[in-house]
1. Using +1 on the beta carbon of Lys and Arg, -1 on that of Asp and Glu, and nothing else charged, what's the dipole of chain B about the Cα centre, debye to 20?
2. Residue by residue, what Karplus-based ³J(HN,Hα) values in Hz, rounded to whole numbers, does the range C:289-299 have, using 6.51, -1.76 and 1.60 with θ = phi - 60° and x for Gly and Pro?
3. Using DSSP loop states and a limit of at most 14 other Cβ atoms within 10 Å to flag GluC sites (Glu not before Pro), what is the longest stretch of chain A containing no flagged site?
4. Pick out which of C:Thr189, C:Thr45, C:Thr249 has the largest mean-square fluctuation in a Gaussian network model of chain C, springs linking Cα atoms closer than 10 Å.
5. Within chain A, what whole-number % of the accessible surface is contributed by carbon and sulfur, with the 1.4 Å probe and all protein chains included in the calculation?
6. For the range A:218-226, what does the Karplus curve 6.51 cos²θ - 1.76 cosθ + 1.60, with θ = phi - 60°, yield as ³J(HN,Hα) per residue in whole Hz, taken in order and with x for Gly and Pro?
7. Students sometimes get this wrong: rank C:His296, C:His283 by accessible area, probe 1.4 Å, all chains present, largest first.
8. Ignoring ligands, DNA and RNA and using a 1.4 Å probe, state the total buried accessible area between C and A in Å², rounded to the nearest 100.
Amino acid sequence: MSAKTRSARLTVLGLTVPGLLGLAVSFVLPLAWLLRMSFNRGDSTGYIEETFTLDSYAQFVGDSYYWDMAWETTLLGLGVTVLTIVVSYPIALFLVRTESRFKGILVALAVAPLLTSSVVRTYGWLVLLGNQGVVNQALMGAGLVDQPLALINNRIGVYIALVEIMMPYMILCLLAGFGRFNQELEHAAQSLGANRWRTFWRIVWPLSMPGVLTGALLVFVLTISSFVTPRLVGGGKVFYLATEIYDQATATLNWPFAAAIAFILLALFAVVIVIYQRALRRIEAQ
Amino acid sequence: MKLKPLAGGLLAIALATVAGCSGSSSTPTNNAPDSGTITVKGYSGIFEDVFKKSVIEPFQKKYPKIKVKFVGSANSAENLASLRAARNSPDTDVSIMDISTSGTGNKSEVFQPLDPAKVPNMKDIDPRGKVEGNYGPAVTFDSLVLLYNESVSPAPTSWNALWDPKYKGKVVVPAQPDIQGAGLMLIENAKAGGDYTKSVDQGVARLKQLAPNVQTWSPQPDSYTLVQSGTAALAVGWNARGQYYADESHGKLKVAIVDEQTIFQINTINLVKDSPSPAAAQTFINYTLSPESQESFTEAMYYAPTNTKAKPSEKALKRTSLDPAKSAEILQVDWTQVAANREKWTQLWRREILAS
Amino acid sequence: MSFLQLDDIVKKYPGAERPSVADFTLGIDQGEFVSLLGPSGCGKTTTLRMIAGLVEATSGRIHLDGKELTRTPVHQRGMGLVFQNYALFPHLNVARNVAFGLEMRRTSKAEAKRRVEEALDLVRLGHLSGRRIKQLSGGQQQRVALARALVIEPAVLLLDEPLSNLDAKLRDTMREEIRSIQRKLGITTVFVTHDQDEALAVSDRIVVMSEGVIEQVGTPEQIYEHPANRFVANFIGRANLFDAQITHTAGGVAELDVAGLGQMRAVDDQGAKGPATVLVRPHRMQVSKAAADDAHGTVETVVYVGDSIEYGVRVGDNTVSVQSVAGAAERLERGTTVRLSWQTEDALVLT
């Protein structure tokens, strides 16, 4: 090894060590602690017995209620992801294509909700979607319904609020993913005989796939790990893995079980990330 | 292996950090009974506001060298969870929480027993508020009540009002593991002739019938706000807060102490194990249990006093859970049992009540 | 009516002070290669895009083969377009890029395959059909774009500055290739460029545009030798323009009093009178040594460019360019006082 490459190596090491250290202290260690906790025995009074047992995992796996919960969580992730793509895509496409001189401001506005905490935005939805909220008042005022629709304290509310909360993330990913896109490609497709619809499906959509996939991954992961919104809007009637971790950790105080569910959720993340990378590789291989 | 030195270094750092985390606190213990800083953890919101004004402020006047810091916590479970997380280097001295949760804290050594010599007021505590082994005793008594919006007429006199089809989608019950939901279940279970130490099936069956009426089992931000604003018509809630909000809202929210059995809610005041200032902390605990402090808090927020020597005004007392005319109606509950059944009941609720 | 006929085409963008294209009328014959030439912002690309249908004309009519298509949407016009940046679909390989237009026409698989191969062979890229776009060089991308536009057998081929992104050497090769393919297929072609050499080299006819209007339409020779006005003269090739006063005109030849040079003669097609401009190309200028009191000006710059020598001669406030064949005459040094002259048939009076 020459002196030059050695010093280059040392530089690389020097630059990566602070990050690695930060990661070790803030991520790896707590995770290791959490893994250890998941093997302890918890009881329903919140008492924790230090031992080494798979009881918590067995409790999860052996109870169809938790399988249903995992399934509902996956469905929520998929549903919110698809709906977020559907509502964000036209906005992102507009932002990419607009030649307005206010483009910068419009982009900033689209992602501005990120400046507000999701807790505040969730409370906003509670107000908007409640029985006396503007949505129900408008529907009743227009004579479309005579009873307020139950838009909160149920699954519908969770979906609505989560989709809105996830939109800025999706829009950002889509905007970044549209990098390879330029309007001349649409013109080219049209000149070759493609109408708007076919231009979209054959050219615009495939080209935006990397952004769609990244956005989908991000939104899916954020959705299935979100607990504030489902708790606030769910009316105590809907349960997902993330809310269950929160309840077990802070209400039932069964930390070993909470830790075990956390690791099961992590496994779900891992599956999703593998699927994402496969899909991305396929797209890039085209 | 070129990576070996790097991996070795990281491992060393990791081990050092673990060692640092698990090492005990290096803060020196302060043993002075009348000076220093103590941190008290209790409910945030109006409890915090009123407790500061009617308990901490007078205490500070009496013990100017002890500085009391209040840290709010959303509920008892969260309170205990945070204490447990900081067990290796506690930053809290005193914690106020529900007795069903503090029992777990006592058992898992988050709390330590009090010294009767340092907390002489302990001996005057109502028997219902005493805790075995000199652990933190009751500091407030409260009871479960019906909250109702001013639009509800006539005033409800029974828990049965919650089941009235008129209030479909207008009822709020904070679900188990919240003890308000648990309490309602225990009350209904007893009413139907059941014995909760054996089974709560009868209570669960009743609540299952209630489900269609329930707007939310997890009120946001809380039951009091929803009833006050009219979003909900009826809710179960705690008497003390209910009385306070009834005054605050000028009658938009009203409290019904029903003509039936109800349950006590007991808050205990506890000394955290390895508390940084245990002596000053016990001075503070003793003060909160004194007749003068108990009376002051009752007058301000309608929590019933736990010290038998406390004599609040007739007017205030009548609005507490110890209203002499009502106290026979209290359902006796062993909170240790309730805690032991917490997870079982929670699962029962989820599957039987909340899903319907 | 010509094969492709544009009548009184106007394009005015909302809020713009003046139209981008004004009163554009032009007929293009079948098989003709016409260039739209002009500086940037002259409206040539806008005109091309109106033919393609990518830009809607504010007013005017466009006819192709007798059928009006002014309001026909882009995808129904059947024109082949090659873009300045090629606009190849990055997610499709070479063959699928070329096949795209055929897929849109629902051509059968077998026929599409055959035609894609033919088109790629035509641009000599048959061996790269499976390549991904980003693996191609600029010139190869250009050929793919051309093949993609040609494979649909368009009525008109529209080329929007197709060579401007290539390096100089490749540009010359490509323009020859485009021209030879165009001749081979006999396809009507409209070619937009800002490069006069390119336009002169490949076009049957050139349309010179400036600020949205046509300055002149003509064959390369007409445009070069008989520019209609100062703008065209200046824009096409290098030009010396002299201010002059016509003193007498007879038999297509004008006698002039040229500022700084005195009495000269020039061809005058129009029989103009009074003040005029005289155009003389630098290589048609003659320069000779003269005594100071007899000279028109002084040699200011001398640039040797191999085949020729270029002199800059200071006459009054102006500099006159003179291009001499190297070795044909005595080489002049800087500071030499000289006389300038030209053959009558090499000078043209412009109005």
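The values are calculated or read from the model by the stated rules, or taken from the named source; none is laboratory data. Computed from a predicted structure; not experimentally measured. Here the Cβ is made from the backbone with ideal geometry for all residues, glycine too, and neighbour counts use every protein chain on show. Calculation scope for accessible area: heavy atoms of the full protein, side chains included, ligands and nucleic acids excluded. Shrake-Rupley method; radii C 1.70, N 1.55, O 1.52, S 1.80 Å.
1. Working: 38 positive and 35 negative charges, 150 e Å.
Rounded to the nearest 20 debye, it is 720 debye.
2. Taking θ as phi minus 60°, the curve returns 4, 8, 5, 3, 6, 10, 8, 8, x, 10, 5 Hz for the range C:289-299.
3. Details: sites that count: A:Glu50, A:Glu99.
Result for the longest clean stretch: A:100-286.
4. Judging by the Gaussian network model, the answer is C:Thr249.
5. Working: 9790 of 14100 Å².
So the carbon and sulfur contribution to the accessible surface is 69 percent.
6. Couplings: 4, 5, 4, 5, 5, 5, 6, 9, 7 Hz.
7. Numbers: C:His296 30, C:His283 80 Å².
Result of the area sort, largest leading: C:His283, C:His296.
8. Working: alone 17050 and 16730 Å², together 31630 Å².
By this definition, chains C and A bury close to 2100 Å².
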